[in-house]
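Engineer: Could you have a look at this structure, given as structure tokens, before my questions?
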Amino acid sequence: IEGVAVGAGVMAYGSWTKGYRSGQFNGRASSTAQLGPVDPEKASSFEVGFKSTFLDRRARLNLAAYNTKYDALQLTILNGSLQVLQNAGAATFKGIEAELTLKPVNALELSGSFGYTDAAYDRLDGPLAANLTIAESLRKKLLKAPAYTAFGSATYTAQVSADTDVIARASYSWRS
């Protein structure tokens, strides 16, 4: 679905996509038992949101909400000291993202963003799913999927001659 203008400086949108990660072999295999292959991982994703500009184009606000479902999730699981690649279940990622940019004067731009993601296994299966770490499987939360992210920056551009600018930028990024 394409974006639809809903007013001066505001566009709403929605999208639905399907995708996959192809089946593969374990590139770190040191034995034929680790080699694989695994089936393709499949994903279906839905997103809605809006993008807006206001204050004479000196401010921009974007908001989005999303929900992505994975099936035949490809995971590398420890079996003793061996890393085994296998299809190990299903997972859902859902969350929101917000971005704000302000330009109070021509030389200064302030930007910030915030995101919240709830990423959890819907199902854990496969021959080695029980080997997932206790914290990971009991809470059913995915590793390496931070619940909160934030970013902020300030950029100042000083024109020192007709064809030369000096840019100073400070930024901060955080993940839970």
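The values are calculated or read from the model by the stated rules, or taken from the named source; none is laboratory data. Predicted, not measured: the structure shown is a model, and the values here were computed from it. Heads up, the Cβs are rebuilt from the backbone with ideal geometry, glycines too, and the neighbour counts pull from every protein chain shown. Each accessible area value is taken on the protein alone, full model and side chains, heavy atoms only, with ligands, DNA and RNA left out. Shrake-Rupley method; radii C 1.70, N 1.55, O 1.52, S 1.80 Å.
Engineer: How many residues, within the stretch 63-94, are in contact with a strand residue (DSSP E or B) (Cβ under 6 Å, 6 or more places away or on another chain) and on the phi > 0 side of the Ramachandran plot?
Structural biologist: The total comes to 2.
Engineer: So, one more: Quick one: would you say Thr92 is within 22 Å of the chain's Cα centre (by Cα) and modelled with pLDDT of 95 or more? Before you say what the answer is, go through the steps one by one.
Structural biologist: Working: within 22 Å of the chain's Cα centre (by Cα): yes; modelled with pLDDT of 95 or more: no.
So Thr92 does not fit the description; no.
Engineer: Could you list, in sequence order, all residues of the stretch 8-28 that are touching a residue at least 24 places away in the same chain (Cβ under 8 Å) and among the aliphatic types (A, V, I, L, M)? Please lay out each step first, then the result.
Structural biologist: So the first thing to find is which residues in the stretch 8-28 are touching a residue at least 24 places away in the same chain (Cβ under 8 Å), and the list is 9-19, 21, 24-26, 28.
Within the stretch 8-28, Val10, Met11, Ala12 meet the criteria.
Engineer: Say we look at the stretch 108-125 and pick out the residues that are open to solvent by less than 30 Å² (accessible area, probe 1.4 Å) and aliphatic (A, V, I, L, M); which of these is farthest from Ala145 (Cα to Cα)?
Structural biologist: Per the criteria, the residue is Ala120.
Engineer: To continue, here is another question. Search the stretch 158-173 for residues that are closer than 30 Å to Tyr148 by Cβ and assigned to a strand (DSSP E or B) and pair each with any residue that is open to solvent by less than 80 Å² (accessible area, probe 1.4 Å) and not polar (S, T, N, Q) when their beta-carbon atoms are under 6 Å apart and the residues are at least 6 apart or on different chains.
Structural biologist: Pairs found: Ala170/Ala154; Tyr172/Gly152; Ser173/Phe151.
Engineer: Now for a different question. Could you please give the count of residues in the stretch 1-29 that are over 25 Å from Asn79 (Cβ atoms), under 23 Å from the mean Cα position of the chain (by Cα) and open to solvent by 60 Å² or more (accessible area, probe 1.4 Å)?
Structural biologist: Number satisfying all stated conditions: 7.
Engineer: If you take the residues in the stretch 30-54 that are free of Cβ contacts under 8 Å to residues at least 40 places away in the same chain and assigned to a loop (DSSP other than H, G, I, E, B), which one is farthest from the chain's Cα centre (by Cα)?
Structural biologist: Pro37
Engineer: In the stretch 16-44, which residues are touching a Lys or Arg at 6+ places or on another chain (Cβ under 8 Å) and hydrophobic (A, V, I, L, M, F, W, C)?
Structural biologist: Listed by number, the list holds a single entry, Ala43.
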